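Written out below as structure tokens is the structure these notes cover.
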């Protein structure tokens, strides 16, 4: 075999230095070719071992990103998956069995199969730093580690830290990795070679799980620990939706991370999970993320200074997030009393996200109160986030364009007003875009990048680059009432009100949605975003799409019952959580789920047909990351195809006959 991805060097001490540096790639992944080459290199070492083996990466700030996810899509059967994963396991076994000290040098991102490769070595050293670079994220693809990770992680870190690492899929910093035994030593770019040689020379005892964890791993104790783990997992994910964490707990309970039997059990379990709809759809979502990030053309124009007008919840949190992501930000509002709470919320965000005191101080300094709007003249990007009122926004634009520097970009965070209406007062209307964030800004990853038919591509490209630069996923949308996310959520929340009027308990409505896979039910969602906001969007969409506005919703807003923000909406709210009435026996109509979900799906078809988003996959991605639409179902349009478009159209016709014309199938179904 020709070796293309690995470089070998044998030094005067008899140590082999094995460097993974895949050509023409920004990052290393463990493709079948990479693993095959590694197997060719390791095979002769089993008979004639060197004095030591050091595995390292030729990529800057990156060790191995994980397995090659593209190859997952080529697996058709569980038996194929089993054969592939066993080959990987056997390679890791050979590395672990080498009769010489082995060291992995983690110089950056080390995920999934990359970390499993590192754990097959005797020792692991990692570059110092505060970034979370070591992790086992397979559960986010509906899987669990498959190259021996379910065994070695528990053996090395113990049940508590090891199971947490796998069940959450969340990465840890090098310091945290060392604290849980995953890493043996912290190093730097200047010292890693000497540190690796030191471990090879001294060959200290390998990391082993703490005593308490070894006790927890005893066969008669494992069932007790299993119950605790299941309780934690049930609070996060349903087994019928996300079977992988439950499978991890089962295989650990059965085999206790045994080197003798654990690998075979892991391989069989991994193979079965890989062929589930959940895993295939979560892999689809992984690629949809890449599609979102690929939108737009590269641009040399950089956003350094961001000026935000409007220090309410949305504007203030957008400003804080931009500062967190490295921008200089000035925040403007009518009075200082509106800006101060936003600065305080920003400080809480920074305290939560940044551990280093100096870095936190520097970030706080980037977020500046700007009552007089002096930052407008210096800003590369101005984001308007004031009240949803056409006249107020246009009045602001007239003032802003007199101060903006040449080439600066003006964007609006409007949630519902068409850009064509807003931009009529601008001298450069084609350079005006929408950047629609979602609340809470720090949690929700999507930003709708709104365009008109004649919007300059350069302006859009800057918007795409800025959005990606602050760690969000951009979704290009045409200027249209409600754009995508609000438009699709509106009938979902509206149908909940219809169900309530039919006598279905609010909590029961929410439970049906959650059982389908939504992160929260439509009633709780309406309360969370604010009933005043929901009413405003309903009015805008109602006028544009000829839909009635709920009289009950109007009365609640008139009475000051705004949801979470006022402490009372459809639910009473305490400490930021909805207080729902105790569940009672109720004979639910059999069509509740379809009334809720197919309302969204039908609207998604309308958005695609009308060109609000022109690509079905991107539309699915936007709905998943913007509304939380059950990721394991792959998006509303993918769900429709999987269920059968003919079947859904028939069902919509049945619902229309029973409940009214709002369920009439959109004409776009014929094109799907």
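The values are calculated or read from the model by the stated rules, or taken from the named source; none is laboratory data. Keep in mind that what you see is a predicted model, and the values were worked out from it rather than measured. We place every Cβ from the backbone using ideal geometry, glycine too, and count neighbours over all the protein chains shown.
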Those residues that are farther than 19 Å from residue 161 by Cβ and either surrounded by 24 or more Cβ atoms within 10 Å (Cβ to Cβ) or out of contact with any strand residue (DSSP E or B) (no Cβ under 8 Å at 6 or more places or on another chain) (or both), I need them from segment 106-120; list them, please.
-> 113, 117
Quickly run through segment 511-537 and pick out the residues that are touching a residue at least 60 places away in the same chain (Cβ under 8 Å), outside any helix (DSSP H, G or I) and within 18 Å of residue 572 (Cβ to Cβ).
-> 520
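Listed here are the residues, each with its yes/no results for (1) in contact with a strand residue (DSSP E or B) (Cβ under 7 Å, 6 or more places away or on another chain); (2) buried (at least 24 other Cβ atoms within 10 Å of the Cβ); (3) touching a residue at least 40 places away in the same chain (Cβ under 8 Å).
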site	(1), (2), (3)
451	yes, no, no
454	no, no, no
458	no, no, yes
469	no, no, yes
476	yes, no, yes
481	no, no, yes
490	no, yes, yes
Does residue 162 satisfy being touching a strand residue (DSSP E or B) at 6+ places or on another chain (Cβ under 8 Å) and either over 19 Å from residue 55 (Cβ atoms) or not assigned by TED's automatic domain parsing to the domain that holds residue 121 (or both)?
-> no
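What number of residues in segment 37-76 are more than 30 Å from residue 189 (Cβ to Cβ) and either surrounded by 14 or more Cβ atoms within 10 Å (Cβ to Cβ) or over 28 Å from the mean Cα position of the chain (by Cα) (or both)?
In the first step, residues of segment 37-76 are kept if they are more than 30 Å from residue 189 (Cβ to Cβ); the result is 43-44, 46-48, 70-76.
Applying the additional criterion that residues be either surrounded by 14 or more Cβ atoms within 10 Å (Cβ to Cβ) or over 28 Å from the mean Cα position of the chain (by Cα) (or both) yields 43-44, 46-48, 71-72, 75.
Qualifying residue count for the region: 8.
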Test for residue 102: is it loosely packed, with under 14 Cβ neighbours inside 10 Å and either more than 29 Å from the chain's Cα centre (by Cα) or modelled with pLDDT under 95 (or both) = no
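For every residue, the table says whether it meets (1) part of a loop (DSSP other than H, G, I, E, B); (2) under 35 Å from the mean Cα position of the chain (by Cα); (3) more than 15 Å from residue 150 (Cβ to Cβ).
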| position | (1), (2), (3) |
| --- | --- |
| 190 | yes, yes, yes |
| 198 | no, no, yes |
| 218 | yes, no, yes |
| 224 | no, yes, yes |
| 239 | yes, yes, yes |
| 249 | no, yes, no |
| 254 | no, yes, no |
| 260 | yes, no, no |
Within the set of pairs 6 or more residues apart or between chains, which connect a residue that is in contact (Cβ under 8 Å) with a residue 24 or more places away in the chain and assigned by TED's automatic domain parsing to the domain that holds residue 167 inside segment 220-238 to a residue that is outside any helix (DSSP H, G or I) and surrounded by 13 or more Cβ atoms within 10 Å (Cβ to Cβ) with Cβ atoms less than 7 Å apart?
-> 222/256
Selection from segment 634-653 of residues that are outside any loop (DSSP other than H, G, I, E, B) and in contact (Cβ under 8 Å) with a residue 24 or more places away in the chain | 636, 637, 638, 639, 640, 641, 642, 645, 648, 651, 652
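In segment 460-490, what count of residues is obtained for those that are farther than 22 Å from residue 617 by Cβ and in a helix (DSSP H, G or I)? Quick ask: steps written out before the conclusion?
Narrowing segment 460-490 to residues farther than 22 Å from residue 617 by Cβ: 462, 466, 469-470, 481, 490.
Those still in the list that are in a helix (DSSP H, G or I) too: 462, 466, 469, 490.
Total satisfying the criteria: 4.
Say whether the condition of being more than 30 Å from residue 73 (Cβ to Cβ) and in contact (Cβ under 8 Å) with a residue 24 or more places away in the chain is met by at least one residue in segment 265-277. Full working, then the answer.
Taking segment 265-277 first, the residues more than 30 Å from residue 73 (Cβ to Cβ) are none.
No, the conditions are met nowhere in segment 265-277.
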For segment 646-672, enumerate the residues that are surrounded by 14 or more Cβ atoms within 10 Å (Cβ to Cβ) and either closer than 19 Å to residue 614 by Cβ or not assigned by TED's automatic domain parsing to the domain that holds residue 592 (or both).
-> 666, 668, 669, 672
Only residues that are modelled with pLDDT of 95 or more, closer than 30 Å to residue 374 by Cβ and either surrounded by 19 or more Cβ atoms within 10 Å (Cβ to Cβ) or out of contact with any strand residue (DSSP E or B) (no Cβ under 7 Å at 6 or more places or on another chain) (or both): list them for segment 272-313, please.
-> 303, 305, 306, 307, 308, 309, 310, 311
Any chance residue 99 is in the same structural domain as residue 20 (by TED's automatic domain parsing), farther than 20 Å from residue 37 by Cβ and free of Cβ contacts under 8 Å to residues at least 60 places away in the same chain = yes
Among strands (runs of 3 or more DSSP E) completely within segment 321-419, the ones holding 1 or more residues that are surrounded by 21 or more Cβ atoms within 10 Å (Cβ to Cβ) and free of Cβ contacts under 8 Å to residues at least 60 places away in the same chain are 328-332, 367-369, 409-412
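Please count how many residues of segment 576-598 are without any contact (Cβ under 8 Å) to a residue 24 or more places away in the chain and touching a helix residue (DSSP H, G or I) at 6+ places or on another chain (Cβ under 7 Å).
We begin by selecting, within segment 576-598, every residue without any contact (Cβ under 8 Å) to a residue 24 or more places away in the chain; these are 576-577, 579, 582, 585, 587, 590.
Adding the requirement that they be touching a helix residue (DSSP H, G or I) at 6+ places or on another chain (Cβ under 7 Å) leaves none.
Result for segment 576-598: 0.
Assess whether residue 131 counts as being surrounded by fewer than 22 Cβ atoms within 10 Å (Cβ to Cβ), out of contact with any helix residue (DSSP H, G or I) (no Cβ under 6 Å at 6 or more places or on another chain) and touching a residue at least 60 places away in the same chain (Cβ under 8 Å).
no
Of 176, 140, 131, which residue is farther than 26 Å from residue 218 by Cβ and modelled with pLDDT under 95?
Details: 176 fails: modelled with pLDDT under 95; 140 fails: modelled with pLDDT under 95.
After applying the criteria, what remains is 131.
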Where residues in segment 200-216 are more than 35 Å from the chain's Cα centre (by Cα) and in a helix (DSSP H, G or I), which of them is farthest from residue 156 (Cα to Cα)?
-> 201
Hey, could you check segment 530-552 for residues that are in contact with a strand residue (DSSP E or B) (Cβ under 9 Å, 6 or more places away or on another chain) and surrounded by fewer than 21 Cβ atoms within 10 Å (Cβ to Cβ) and say which is nearest to residue 566 (Cα to Cα)?
-> 530
Can you spot a residue in segment 554-563 that is assigned by TED's automatic domain parsing to the domain that holds residue 613, part of a helix (DSSP H, G or I) and either within 31 Å of the chain's Cα centre (by Cα) or surrounded by 15 or more Cβ atoms within 10 Å (Cβ to Cβ) (or both)?
-> yes
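Here's the yes/no breakdown for (1) farther than 14 Å from residue 166 by Cβ; (2) part of a helix (DSSP H, G or I):
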| position | (1), (2) |
| --- | --- |
| 232 | no, yes |
| 246 | no, yes |
| 257 | no, no |
| 264 | yes, yes |
| 314 | yes, yes |
| 317 | yes, yes |
